[in-house]
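This report refers to the structure that appears directly beneath it.
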Ligand code: ZN
């Protein structure tokens, strides 16, 4: 089965559209959360996600805040300003869709999927080999797919030596999956690994491969919409450089 894995869409419709087109035909789509926050198009993004067939969708921290389960004060000023805007403009239907989604860890075949980390599904960032090592004790499947950090990366645990290493990956080259791994498809709507192209991954559950992918999209168009609706300039600037 060919599965599209996306995360951290962050109300960036142009990036999401580019990813769905670039991914081609898939059997399933797994969305690891954060459809809202930062970007200018919360309704368009939620509506596009709702229409994806065979979808498994989890909530991220921004989504959970928007449906009222985390206070906005937990976020920095710029992120909070955007959430306040999203709260104003999101339609009741789209809000209901978000409310219908889970924010906890899910298991799908050999994969555990979650927004943050298996030990803290909404908030923890897996940014380094130490946090990755600690999290390997919190899931039992051969691999776990996470979002939240906006970094396209993969951590491998060598069970013999108990050491975790960062696995080298090349965009467009499928990696053979072997136990045990934590992989992040990167962010569709706000990449933070200095590559401004939208990030995602294709997981082939039968071939047991993971292919990190990137696709360029019209960043200027999104920046213009961010400015038009009066969201923080920082959210526009960072898209051009991927931070
Ligand atoms: Zn995010």
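Here the residues 56, 77, 82, ranked from fewest to most Cβ neighbours within 10 Å of their Cβ, fall in the order 77, 56, 82. By how many degrees, between 0 and 90 and to the nearest 10, does the Cα long axis of helix 219-228 differ from the longest principal axis of the chain? Between helix and principal axis, roughly 40 degrees. Contact order for the stretch 2-241, expressed relative to its length and based on alpha carbon pairs under 8 Å spaced 6+ residues apart, stands at 23 percent. For the stretch 110-243, what proportion of DSSP beta bridges, expressed in % and rounded to the nearest 5, is antiparallel? In the stretch 110-243, approximately 75 percent of DSSP beta bridges are antiparallel ones.
By DSSP, what percent of the beta bridges with both residues in the chain are antiparallel, rounded to the nearest 5? Roughly 65 percent of the beta bridges in the chain run antiparallel, per DSSP. When both the stretch 97-115 and the stretch 223-241 are represented by their alpha-carbon centers, they are found 30 Å apart. Using every pair of separate Cα atoms, the Kirkwood estimate puts the hydrodynamic radius of the stretch 82-215 at 15.8 angstrom.
In terms of the Cα gyration tensor, with a ≥ b ≥ c the square roots of its eigenvalues, is the chain rounded because a/c is under 1.5, prolate because a/b exceeds b/c, or oblate? Each step should come with its number before you reach the end.
On the way: a/c = 1.60, a/b = 1.49, b/c = 1.08.
Judged from the Cα gyration tensor, the chain comes out prolate (a/c at least 1.5, a/b above b/c).
Take the alpha carbon gyration tensor of the stretch 119-178, find the square roots of its eigenvalues, order them as a ≥ b ≥ c, and report rounded if a/c is under 1.5; if not, report prolate when a/b exceeds b/c, else oblate. Kindly include the intermediate steps, with their values, before the conclusion.
Values: a/c = 1.64, a/b = 1.12, b/c = 1.47.
Oblate.
For the stretch 58-126, the relative contact order comes to 34 percent (Cα pairs under 8 Å, sequence separation of at least 6). For the stretch 111-170, the relative contact order is 34 percent, taking Cα pairs closer than 8 Å that sit 6 or more residues apart in sequence and dividing their mean separation by the residue count.
What is the distance in Å between the Cα centroid of the stretch 1-62 and that of the stretch 151-205? The stretch 1-62 and the stretch 151-205 have Cα centres separated by 18 Å.
The numbers here are math on the coordinates, done by the rules we state, and not lab data. This one's a predicted model, so the numbers in the text were calculated from it and none came from an experiment. A quick note on method: Cβ atoms are made from the backbone with ideal geometry, for glycine too, and the neighbour counts reach across all protein chains shown.
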